[in-house]
Every structure is written in structure tokens, then in C-alpha cells.
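Everything on this sheet refers to the single structure shown next.
The values are calculated or read from the model by the stated rules, or taken from the named source; none is laboratory data. Treat the numbers as computed from the prediction; the structure is a model and nothing was measured. Using ideal geometry, Cβ is built from the backbone for each residue, glycine included, and neighbour counts are taken over all protein chains shown. Please note that ligands, DNA and RNA were not included when accessible areas were found on the heavy atoms of the full protein model with its side chains. Shrake-Rupley method; radii C 1.70, N 1.55, O 1.52, S 1.80 Å.
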Amino acid sequence: MKLKMIAMAVLAAAAGAAQADDIAQRVETLLRQMTLEEKAGQLNQLSGKEFSTGPNSDNVRNIERDIRSGKVGSMLNIKGVRDTRRVQALALQSRLHIPLLFGLDVIHGYQTVFPVPLGEAASWDLEAIEESARIAAREAASAGIHWTFAPMVDVGRDPRWGRVMEGAGEDTYLGSRIAAARVRGFQGAKLGGTASVMATAKHFAGYGAAIAGRDYNAADMSEHQLHETYLPPFKAALDAGAATFMNAFNTLNGVPATGNAMLQREILKGQWGFKGFVVSDWGSVREMVVHGYAQDLPDAAAKAIAAGSDMDMESNAYGASLPALVKAGKVDIAAVDDAVRRVLTKKFELGLFDDPYRFSDEAREKAALNDPRHREAARRIAAESMVLLKNEGNALPLRRGLRSIAVIGPLADARRDLEGGWIVQSNAAKMASLVDAVRAHAGQGVRVDTAAGCDVACRGLDGFDAALKLAATADTVVLAVGESWDMSGEAKSRAHLGLPGRQGELFEALRAIGKTPVVVIMAGRPLIFENVAEQAKAILYAWHPGSEGGNAIADVLFGDVNPSGKLPMTFPRNMGQIPIGYQQYNTGRPVQTESNVVYKSAYIDSPNTPRYAFGHGLSYTSFAYSGLRASSTTMRPDGKILLSFTLTNSGPVAGAEVVQLYLRDPVASVVRPLKELKGFQRVALQPGQAQTIAFTIDRETLAFYNRKLEWGAETGTFEVMVGSASDDIRLKQTIELTER
Ligand code: NOJ
């Protein structure tokens, strides 16, 4: 049996290699036939946004002409079987009939909308995350899309930066695991399947470190931090097979990412051996002029291609300038050929030369877009992404037998806002709002009323009275507040992270009439809501939960689903603490007690601790951690330690716990953070059920970059911690790495 499997694997590998050889040959044959203009064309990507709105505009006519003459290699923002077929047909009229690649931002779903990526990350459920990407890919691929500009794998540690919505949060380890899961989900086992799309690891690199959380701003950091914190999720995406990378708008240590040879040539294509292609971000080649890094558009094109940016998104720089630059000896033809090879290779791998329309299939599109399993998955994953921040006196789940419920607040009856920041098309009309879902859950005989109180911006108090009047007579009040869908995401940096406008006053007003509500907060980022955090009995953080968000919130409120989400980002108490994350350093002057902070690394007007720590999230049940055992307390460099303990569901209902493994290296040649996440597992247990949980520790677990940027572990003792959150460590063990 085993032999047969090995033989099959060998055969598959041989077939794969033969196919790769074959593709390489076909690429070379094609390349030899191409003019310089046609080569530049393959590296030119344009937007077809106007194609659906103004098909007769000059711009559309010009693009169509360019496609027919082989001057465009890829289009973004064209979708659907009809449009992709029509535009592909234009490319096939070009001299060499090279098909177009259709790219699109399929960020958290195509037709079926899943929670915003940061929310989904809060599930810590890699299988669910992979599944949602797989569904998005199936829907998109059936509608003619070959390529999604996702996942965004930028580490984000500053909630002012609106794009934290699109990532996996602050942690490099968690972010790396999620990056790999998303790539696997989008791409499937192998490129070329018609239910999958190429993934893009973006934005390479440092985009998440925008100074002051202001989008597109410069990033400036040590090489050490770059390697330790920001690059690993990209490496994980690459190891999972990411077909493409996107570079970034920002400068990194003074050099635009788009013109950054150290990033793209040395690290990505050199050290990491990346064989796919790099697309620029939207207009980022052109923006190098604005940055002050290039003289004009041709200069920007020359610098970008030399630095390893293969495809130019929407700058019109490569198409317009590369042929002349090569002829003038300013750009090496080898750089152009290398980029073209990379792009053509992907087109072959996708099977587009064999059938340019294979992704645009009406029957498949219909089946994929109407598959009820997709909505079911969206509901399950949305419920899993929610984080129960607080639940004093078991205020949640809602008691059965209530006679009336008032669902108050600007997001109580919202639909579009449930979908979140980056969707392909809204299906709000077909969605249940939170009130709809509460009505359905509560059943007949329960009165469910709703009033917004104010809109999301909440500038005035005019609607408060009506809302208060409704709330006054209800048995229970649910308050739904937070951000609208367009308050987080790209270009949505915020300098104030409180609940928008006067939403916080609505909470106060409800309290003032003796109706302290259960609070549901929707947002694309951590918000700051101190009055609510202190005075509410229960707070459920629902992010922007997607197409099935209303139902999923109600599932959790009524206890049909026991919440299990854990924060992938730290929630600060105030703006002054930002940036704040769990990976703090001890400093030479750590705070021992909050009552004595004189000459300590502290604020005189705020605690150092966050409102809610990384990894925090409550459940309707409780979990007991006990009996930590280590297979050995010393480990040789090639050894392993098995760490195990018992996790028991010690509460009344079934639930899932995300157990977290943290590490501290107390003395090292480069000081290490107080805690670093090194492992996690989601464990579902029935009440009273116990399970042995094991983590394996080896040298890799203990390794870090030293000052010479060498990756390795240093001998000595390490503290290993297991817990329910970064600030809720339940078990500890010291181990030692020995020299031999
Ligand atoms: C700009 C964004 O930064 C990038 O992530 C996105 O993929 C492109 N626009 C294309 O829409």
C-alpha cells in the first residue's frame, strides 16, 4: 500500500516536472515571436471599471483598441461571464492571440460575503478561513476571474490604520498561519483548477507600518523588525504557493516598495526563490515620481522594472515607456524578458492558452452563485468570528421567555454595513438585518421593536427620544453600534477611534432610564469605547460579519452558538496608547505595580495595560487548564519537547476554546518580547469533557533573528506559557536548550 502511494507520488512529481518543462518551452517559443511592444503589453494592466458604466467612452474605446493590438496583458475590475468573455475575445484578435488575465479584489467573498478578514482572523480557525477563501474562489472563478488581489498579509499594529480590516491583525505567527490558509483556500491544490484563482500576497512590504497609522504613509523600521515582524507572513504565503505578490504604495526606509530591489530582487526572487510575478499596486509606479524617487514616468518605469516589479497596474508606465527605454539602453531587455516569462508562465499554468474562456462558464457561474452551502458557511464562520468581550453575571445568552426585546441603535436594522468594507457587489436587499434575525429567533409571542436613535455618524440627538421610549417598555435592550462599512479599509485612517459621533451617548441615555443594554459592536478595527466597556454587562464584538451577519449575531445572542472568537489585535483604552500590542519589551524599568510608576516605563495618566488583550475572548462556558507536563525539561539542539496538559470544559454548555502557547526567552543576544505566540489550537468540548492537548517544542520554536539577521536559537532557559489569552496565562514551564 505504502509502496503504491510512493510510486504514485513519484509519478505525479514526474508529471508535474514534465508539465513545467513543457510550459517553459512554450513560454520561450512565444517569447521569441514577441516584439518589444508586445512584451511591454504583457506587463501592462489596466482597469475596466468603466466598461460596465460607460461602454462607449473614449477611454473604453482606447483600451479596447490596445487590447486588440496586444498592448494589454491583464485587466482588473472586469467580472462576470458575459463581460470577461467579451473582453477576452478582443485579446484573441491580437497578433499572437495571448489571452488576458482577469484580476479582481475578492477580499472577503465574491457573491457570498464573509466577515471582514480581521474578523475572520478572530476565529483562529484555519480550516474555516481556508474554506471561506475556497468558496470565494469558486464563485469568482466561475464568473471569469483568474486572480484575486488577496490575501493582504501586512501585519497591522495600529488601529488608526483603516486597512487593519483587511489583514489578520497584529501578530506575525498568527498572521503567517492565516496567510497560508488563505492562499491554500484561494488556489486549491494546484493552479489551473476552474474552482480556484491565483492569490496575491500583498503589500510587499512594510505597508502596515505606515507612520501614525495614516494610510500610504512612509514606513521606517530596522532591518531586524522587518525580518522578524513584517516579512514572515509573506514567506508563509509563498511557501503555501502564492502565485503572485503585490508591492506597495509606501516607502520603506526611504525607498518606495515598488522601486525596491532589496525587497523584490534580493529577498523575494533571490533568497526566497519566488517564481511567480509581482504586480505593482494601483498607480504605484507613477507615484514614485510624487514620492521624489523618479524624475518622470519613464524614469519610474525604468526603476520599477529594474527593481523587480513585473506588472504595472494602472500607471501606464510600462506600456508607454519600456520599448523606448530598452532601445535607448536604459532598461536591460533581460529584465523585461524575465518579467514577461513570469506572467506568461502563469497564463499557461492556468490553462488559458488551451482554452482562454475556461473560467467563464455560465452553467458553472449559476451553480456556484446559487449554492446554498455558501450562505450556510458564511453564517457559521461569521458566528465563529465574534468575540464576547464581556459578560458580567451571564447577561448573555438572552433568556428564553422574554416578552419583549428592543433592538436599538444605528446598526440595528442595517444591512449594507453588515457586509463590510470590500465587497464585489452588495446583496443587501436579500439579507437579514440584526432586527430581522432577532425576530426570527425570538419566535411568535415575543414583541421585537427597533429604533435607530441616530444614523451611524450620529451627529444629533433627535432620534434618541423615540428610541428611549421603545426601550423603556422592553424586557431586554440590545444596542447595535459601531462603524459603517465605509469607515474602515483603504484610505480610512481615523484619528479618533471612539464610537462614531454621539453613539456613546445613546448607551448612556439607555442606562439613565435603567435599561443597560447588551451591546453589539460592529467595526472593521478595534475601537475605543471606555464607557461601554466599564458599564455594559455584555459586549459582543461582531466586526462586519458579512451576508449572514444578522443571523450569526442572533445565533450568538440567543446561545445557539457559543462564542469562541479571540482578539487578533489588542484593544487600547485610549488613543495615546497606540501603537499597542501584546509583544511588549520588559525595558530596564518595567512597571511592577500600577500604583507606582515613578521613573518607570509608563504613562502618568493612563495604565500601560490595554482594555482587551490580544487573544482575549469569553465563552458561555468555562475552561480549566491543568496538569502541565513536559516530556523533558532540557532539550538538545536537534531534540524536541512534548508539552501536554488537560483542558476541561468546566462549565454548563458545549463550547470551543482557542488554547494559546506563548514563549519568552529571558536572556538573549537581542532582547526578546515578554511573550510571543508560538502555537494555538481550537478545541471543541462538551460540558464536563476533558482532552489532552499537546504542543511540540523544537529549536524552530525558540529561534529568532540575531543582530546579524541570522535565524537560530540560543542556548539557555525559556519560559513556556499556556493560556486562554495573552493576559490570561494558566500554566507555565521552564525548559532549557543545551549546547549538545
Ligand atoms: C489599491 C490597493 O492598495 C490594493 O490592495 C488593491 O488590490 C488595488 N488598489 C486594486 O484595487
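The condition of being closer than 24 Å to residue 190 by Cα and either hydrophobic (A, V, I, L, M, F, W, C) or not in a helix (DSSP H, G or I) (or both) holds for only one of 340, 331, that being 340.
For residue 473, the conditions (1) touching a Lys or Arg at 6+ places or on another chain (Cβ under 8 Å); (2) surrounded by fewer than 20 Cβ atoms within 10 Å (Cβ to Cβ); (3) among the β-branched types (Val, Ile, Thr) all hold with the exception of (1). Being more than 23 Å from the chain's Cα centre (by Cα) and closer than 22 Å to residue 118 by Cβ: is that true of residue 579 here? Taking the combined requirement at face value, the residue does not satisfy it.
The residue of segment 399-420 that is farthest from residue 506 (Cα to Cα), among those that are of a type outside the set (Gly, Ala, Ser) and either assigned to a strand (DSSP E or B) or open to solvent by less than 10 Å² (accessible area, probe 1.4 Å) (or both), is 419. Within segment 179-222, if we keep just the residues that are β-branched (Val, Ile, Thr) and closer than 22 Å to residue 344 by Cβ, the residue that is farthest from the chain's Cα centre (by Cα) turns out to be 194. For segment 166-194, a tally of residues being of a type in the set (A, V, I, L, M) and either more than 30 Å from residue 498 (Cβ to Cβ) or within 12 Å of the ligand (Cβ to nearest atom) (or both) returns 6.
For segment 73-99, a residue qualifies if it is open to solvent by less than 40 Å² (accessible area, probe 1.4 Å), touching a residue at least 60 places away in the same chain (Cβ under 8 Å) and within 16 Å of the ligand (Cβ to nearest atom), and the qualifying residues are 73, 74, 76, 78. Among strands (runs of 3 or more DSSP E) entirely within segment 625-738, having at least 1 residues that are in contact with a Pro (Cβ under 8 Å, 6 or more places away or on another chain) and open to solvent by 40 Å² or more (accessible area, probe 1.4 Å) singles out 655-664, 716-725.
Each residue in segment 177-197 was checked for being outside any loop (DSSP other than H, G, I, E, B) and either of a type in the set (A, V, I, L, M) or open to solvent by less than 20 Å² (accessible area, probe 1.4 Å) (or both), and 9 of them qualify. With respect to residue 156, determine if the residue is in a loop (DSSP other than H, G, I, E, B) and either open to solvent by less than 10 Å² (accessible area, probe 1.4 Å) or under 23 Å from residue 369 (Cα atoms) (or both). Here the answer is yes, as residue 156 does meet what is asked.
Of the residues making up segment 18-50, those that are within 16 Å of the ligand (Cβ to nearest atom) and either open to solvent by less than 60 Å² (accessible area, probe 1.4 Å) or under 15 Å from residue 98 (Cβ atoms) (or both) are 44, 45, 46, 47, 48.
Residue by residue, here is whether (1) small (Gly, Ala, Ser); (2) under 25 Å from residue 387 (Cα atoms) holds:
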| residue | (1), (2) |
| --- | --- |
| 653 | no, yes |
| 666 | no, no |
| 670 | no, no |
| 673 | no, no |
| 677 | no, yes |
| 688 | yes, yes |
| 691 | no, yes |
| 698 | no, no |
| 702 | no, no |
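Looking only at segment 198-220, residues that are outside any loop (DSSP other than H, G, I, E, B), at positive phi and within 16 Å of the ligand (Cβ to nearest atom) come to 1 in all. Scanning segment 115-149 for residues being over 22 Å from residue 99 (Cβ atoms) and part of a loop (DSSP other than H, G, I, E, B) gives a total of 6.
Table: residues versus (1) surrounded by fewer than 17 Cβ atoms within 10 Å (Cβ to Cβ); (2) basic (Lys, Arg); (3) over 26 Å from residue 160 (Cβ atoms); (4) touching a residue at least 40 places away in the same chain (Cβ under 8 Å).
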| residue | (1), (2), (3), (4) |
| --- | --- |
| 391 | no, no, yes, yes |
| 394 | yes, no, yes, yes |
| 423 | no, no, no, yes |
| 432 | no, no, yes, yes |
| 438 | no, no, yes, yes |
| 442 | no, no, yes, yes |
| 489 | no, no, no, yes |
| 495 | yes, no, no, yes |
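If the condition is being open to solvent by less than 30 Å² (accessible area, probe 1.4 Å) and either within 16 Å of the ligand (Cβ to nearest atom) or within 20 Å of residue 280 (Cβ to Cβ) (or both), then segment 52-72 contributes 63, 67, 72. Please list, ordered by first then second residue, the pairs with beta carbon atoms under 6 Å, 6 or more apart or interchain, first in segment 145-159 and outside the structural domain of residue 570 (by TED's automatic domain parsing), second of a type in the set (Ser, Thr, Tyr) and within 11 Å of the ligand (Cβ to nearest atom). Once the first residue is outside the structural domain of residue 570 (by TED's automatic domain parsing) and sits in segment 145-159, its partners that are of a type in the set (Ser, Thr, Tyr) and within 11 Å of the ligand (Cβ to nearest atom) give 149/200; 154/207.
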